[in-house]
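Please read the structure below before turning to the comments.
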Amino acid sequence: MKHIKHYLNKITFVSSALLLVSSAAIAKPEATPTWTDPVLAQKEHSGFKYLGEYTNKNRAIQVSPEGNKFYVANYSGGLPGAGWDGKSVDYQRLDENQLKQLLTEFSKVDRGVKTGSYPAPDNATVIFDGKKSKALGNAKVVDGSLLAGALINEELTDFQLHIEFRTPYKPEREIGHPDRGNSGLYMLKRYEVQVMDCFALPYDETEWKKQGLMKSPAGCNGAIYKVNTPATNMSFPALTWQSFDIDFTAAHFEGGKKIKNARMSVIHNGVKIHNDVEVKKGTGNQGKNPELASGPIYIQNHHNPVQYRNIWLVKH
């Protein structure tokens, strides 16, 4: 992958695919060090080697660099989706020496999605397998990964979508910052499942406010944007491949009048985080636009080099 270390004024990361909103509507953030390749991140950023998940019997921690500190989530029972009791979490910001001392008790684990883990079934329409299908039109591909800003130009109603993604590493952005790897998947160009680097963050609104984090967990990774917060934060570390399996049912209309709302279930990295959630209108800014009975899927470009791969769907 061509490495993107600094945005500066040189990045032109906008696909020629149809955009949902004008470029003026999404302000371009200030430059910050950004890595899209884990090999280069390991070589060039001293904090990257600590990024990740660690376990020790019935204890687990997640570590994410943040400036000259490390944001650490301590879990009882195990990692989210792998033993965590769903209750006991302690959050800290540690310096490197404190973190090194803590890590002497733990072993690092890698739960990232491996190539070939989710093969397309025989009845699937393959959208992207390293090469573009016709549905992707002028979408950009670099070194086998699809770049954010693509339109899956299929006329869809009810379907199951499988998609894998990798958020960039932006350690100077504060935890919870909306520019920390932001993208999104818009079903029928209206209903968004958020993509963002929210690794190790609490998805409890009270804890979020207690820590003074930006935005809200309802706008974080895996959320049905500002409609439903995931039951569990199943985010993996930046530059680790993750997966969404989204089961979507479009709104139904009769005589131009809506008679049923859209519905959505989402599995994130193998764990169900939304179960048949009713979505009464478009999410975010798309709530201002008329809902659609059918349409394409838009992979949002939000000025972040988010990468995608292994995209397929099964129409119901």
Q: Please report, in debye to the nearest 20, how large the charge dipole of the chain is about its Cα centre when each Lys and Arg carries +1 at its beta carbon and each Asp and Glu carries -1 there.
A: 460
Q: Using a cut-off of under 16 Å, list every residue of region 38-73 whose amide N is near the label point 7 Å from the Cα of Val142 along the Cα-to-beta-carbon line.
A: 38-41
Q. Along the three principal axes, how long is region 195-316 when you take its alpha carbons, biggest first, rounded to the nearest angstrom?
A. 48, 34, 28
Q) Once the dipole of region 181-282 is set up with Lys and Arg at +1 and Asp and Glu at -1 on Cβ about the Cα centre, which of Tyr191, Phe236, Cys220 lies farthest towards its positive end? A) Tyr191
Q. Of all the Cα-Cα pairs you can form in region 264-316, what percent are over 18 Å apart?
A. 55
Q: Pop out the carbon and sulfur fraction of the accessible area of the chain as a percent, whole number, probe 1.4 Å.
A: 47
Q) What does the helix-only formula give at 222 nm for the chain: each DSSP H stretch with n ≥ 4 adding -39500 (n - 2.57), the total divided by the residues, and the result rounded to the nearest 500 deg cm²/dmol? A) -1500 deg cm²/dmol
Q.
Give me the one-decimal nm value for the distance between modelled label points at Tyr91 and Lys280, 7 Å along each residue's Cα-to-Cβ direction.
A. 2.8
Q) Out of residues 5 or more away from Val277 or on other chains, whose amide H comes under 5 Å of its own, with H placed 1.01 Å from N in the peptide plane? A) Met264, Ser265
**Q.** Per-residue HN-Hα couplings for region 40-49 [Karplus 6.51, -1.76, 1.60; θ = phi - 60°; Hz; x = Gly/Pro]
**A.** 5, 4, 4, 6, 9, 10, 5, x, 4, 4
Q. Which value, in Å², gives the accessible area per residue of the chain when a 1.4 Å probe is used on the protein heavy atoms?
A. 45
Q: Collect residues whose amide H, placed 1.01 Å from N in the peptide plane, falls under 5 Å from the amide H of Glu154; neighbours closer than 5 in sequence don't count.
A: Ile297
Q | Calculated SAXS-style log₁₀ I(q)/I(0) at q = 0.12, 0.13 Å⁻¹ - the chain, Debye, Cα scatterers | A | -0.80, -0.94
(Q) Using Cα-Cα distances under 8 Å and only pairs 6 or more residues apart, what relative contact order does region 157-203 have, in percent? (A) 31
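Taking every pair of distinct Cα atoms and averaging 1/r, then inverting, what Kirkwood hydrodynamic radius in Å comes out for region 16-138?
18.3
The values are calculated or read from the model by the stated rules, or taken from the named source; none is laboratory data. Here the structure is a predicted model, which means the values were calculated and not measured. Cβ: placed from backbone, ideal geometry, glycine included. Neighbour counts: every protein chain shown. Calculation scope for accessible area: heavy atoms of the full protein, side chains included, ligands and nucleic acids excluded. Shrake-Rupley method; radii C 1.70, N 1.55, O 1.52, S 1.80 Å.
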